[in-house]
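Worksheet: the structure to be examined is printed underneath.
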Ligand SMILES: [Zn+2]
C-alpha cells in the first residue's frame, strides 16, 4: 500500500503521486516502521534531556545548601566605626597634603602674572590644571573630614550597641546551651562542622531576636561571642596545633626547655662581642 505522509492518506500500490498535494507517495509499511524508530529515538532524547536537567537541578540545590552551610551569602568583612574613622582621618590628611602642594604649584604657575618673586614656567592650560587639581583635593579633603566627623559620632553608639548585644547573649546563653542546641539540631558533629554550626547558631539568635540589617556586623558580633564562649577550647586547639608541629610531645617539650634556657646563655657572649666591636 502507498501512503502520503503529508496528507495522511492511503493509496493503492499503482499510484505514485498523491492526488491531493501532488507529492510522491511512499510505501506505507516502510514509512510506519521508520516512524516508530524515529519516535523511539525522539523519546529517548527527551528522557535523556529530562535526566540531565533533573541532575542539574539537584546539583544546584546541593550547591545552594552547601552555600547555606558555609554560612550565608558571603557579606563583606565588617569594619568597626573606630577603624573606619581612622581610615577617613588618614585619607583626609593625605588629601590635605596633596591639596597644599598642588595649591603651591598653582600659585607659582600664576606667579609671573601675580608679580610673585618666584614662579614655575607654565602655559595657561597647565595653570588651569594645577588650580583645578588643588581645588579638587581641597573639596575631597573637606568631604572626608565631614564623613570622619560623622563616623566619630557613631563610634560610641556602636561600642555601646555591641556591648549590650554581647552582654545580652552571654547573659542568656552559655557555651553548653549553644552546644546542646546545635547537637539537638544536628546530632554529633566533627569539630570543624561543630564550630561552623555554633557560629551559625549564634548568628541566628541575633537575627531572630534583633532586627540587624548588616549581616557583616552580625558575623563580627558572632565571632566575638564565639571566642568569648569557647576561649578555653580555642587556646587548647592552638596548643595542640603547636604540639602537632613537633613529631613527639616529649621532643617538643625538651626543645621548648632548650629554647627557654639557651637564649640567656647565648645572648651574653654576643653582647660582649658587640661591646668589643663597638669599642674598637
Ligand atoms: Zn498528499
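The values are calculated or read from the model by the stated rules, or taken from the named source; none is laboratory data. The structure presented is a predicted model; accordingly, all values stated were derived computationally and were not measured. For neighbour counting, all protein chains shown are included, and Cβ atoms are generated from backbone atoms with ideal geometry for every residue, glycine included.
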Checklist (1) away from the ligand (no atom under 16 Å from the Cβ); (2) surrounded by 10 or more Cβ atoms within 10 Å (Cβ to Cβ) applied to residue 66, failing item: (2)
Answer residue from the range 16-55, given it is assigned to a loop (DSSP other than H, G, I, E, B) and surrounded by 13 or more Cβ atoms within 10 Å (Cβ to Cβ) and is nearest to the ligand (Cβ to nearest atom) among those: 18
Residue check, residue 84 within 30 Å of residue 156 (Cα to Cα) and either within 16 Å of the ligand (Cβ to nearest atom) or not assigned by TED's automatic domain parsing to the domain that holds residue 215 (or both): yes
Those residues of the range 205-216 which are assigned to a helix (DSSP H, G or I) and either modelled with pLDDT of 90 or more or over 20 Å from the mean Cα position of the chain (by Cα) (or both), in sequence order: 205, 206, 208, 209
